[in-house]
Structures are given as C-alpha cells and as structure tokens.
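In what follows, a single structure is set out as structure tokens and then discussed.
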Amino acid sequence: MKQLILVFLGGGIGSALRYWIGQYLNSPKYEIPYGTFLVNFLGSLIIGLILGFALKNQSLSNNTILFVATGFCGGFTTFSAFAFENQAFLKSGDLASFGLYTLGTLILGFGAVFTGVWLVRFF
C-alpha cells in the first residue's frame, strides 16, 4: 500500500507541474506545443538521471524510484497529449510541424535519457 501512495503522490505532483507548464507554453500563437515538448524532454532527462544513479550507486531505495520515476515522471510526461497534438497536425495538413515535433520529441527524448544516464557517471 505504501508503494501505491508514493506513486500516487509523485504522479499528482508531476501532473500538476505538467498542467502548469502547459498553461504557459502551449499556446495557439505557437505552432508547436512547446509545453508538452518541454515536459517530455525534462521527464526523459530526469528518469535517465534517476535510473542511471540507481544503477551506478545502488543507493536509491525502491520507494524513491517508485516516487520519482514511476510516479513523478509518469505523471509529468505525456504520450497521450503528444499523440493527440500530432493527430491535430495531420488533420490540419501541417506536415512540417508534425515531422518536426515527432522527430524532435523522439530524438531529444531518447537523447535526454541517454544523457541522464551518462551524466551520472560524473557524480
């Protein structure tokens, strides 16, 4: 039960922060939904750092990993919003934004996870 509460609390914090960032950066005046883009990048970096640190030092508790990686990062990042926004690009015929957003998110997301794991080597 304790693990479920940790995931619940982390997810709530991550979701609230994602909402707040989206309110400021996902605007009709921008072609790309920068808020979703940013939270997916940051969430990927954070999970890379946390899991890289856990693998390197084996000093993080399972509860910490559940709270941060599963809870916070799970609530903070959002594949469903990414998919919906891409559907909107395709529906409007904006193939350039669709391609840029999709490739940028995938490349930077994977790159952020790998960077997080790599950065931990120096701590």
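For Ala112, state whether it is at pLDDT below 95, within 11 Å of the chain's Cα centre (by Cα), over 22 Å from Gln23 (Cα atoms) and in a helix (DSSP H, G or I). Here the answer is no, as Ala112 does not meet what is asked. Is it true that some residue in segment 108-123 is among the charged types (D, E, K, R) and either loosely packed, with under 15 Cβ neighbours inside 10 Å or without any contact (Cβ under 8 Å) to a residue 12 or more places away in the chain (or both)? Looking for residues that are among the charged types (D, E, K, R) and either loosely packed, with under 15 Cβ neighbours inside 10 Å or without any contact (Cβ under 8 Å) to a residue 12 or more places away in the chain (or both), one finds at least one in segment 108-123, hence yes.
Report yes if some residue within segment 31-43 is out of contact with any Pro (no Cβ under 8 Å at 6 or more places or on another chain), open to solvent by less than 60 Å² (accessible area, probe 1.4 Å), without any contact (Cβ under 8 Å) to a residue 60 or more places away in the chain and not in a helix (DSSP H, G or I); otherwise report no. Checked segment 31-43: no residue is out of contact with any Pro (no Cβ under 8 Å at 6 or more places or on another chain), open to solvent by less than 60 Å² (accessible area, probe 1.4 Å), without any contact (Cβ under 8 Å) to a residue 60 or more places away in the chain and not in a helix (DSSP H, G or I). If you check Glu85 against the conditions, is it charged (D, E, K, R) and surrounded by 18 or more Cβ atoms within 10 Å (Cβ to Cβ)? It is true that Glu85 is charged (D, E, K, R) and surrounded by 18 or more Cβ atoms within 10 Å (Cβ to Cβ).
Within segment 76-101, residues that are modelled with pLDDT of 90 or more reach partners that are buried (at least 18 other Cβ atoms within 10 Å of the Cβ) and of a type in the set (Lys, Arg) with beta carbons closer than 8 Å, at six or more positions or on different chains, in the pairs Phe76/Arg18; Thr77/Arg18.
Filtering segment 61-76 for residues that are open to solvent by 50 Å² or more (accessible area, probe 1.4 Å) and β-branched (Val, Ile, Thr) leaves a non-empty set.
The values are calculated or read from the model by the stated rules, or taken from the named source; none is laboratory data. What you see is a predicted model; the values in this text were computed from it and never measured. Counting neighbours? That spans all protein chains shown, and the Cβs are built from the backbone with ideal geometry, glycine included. Just so you know, the surface numbers come from the protein's heavy atoms only, side chains and all, with ligands and any DNA or RNA stripped out. Shrake-Rupley method; radii C 1.70, N 1.55, O 1.52, S 1.80 Å.
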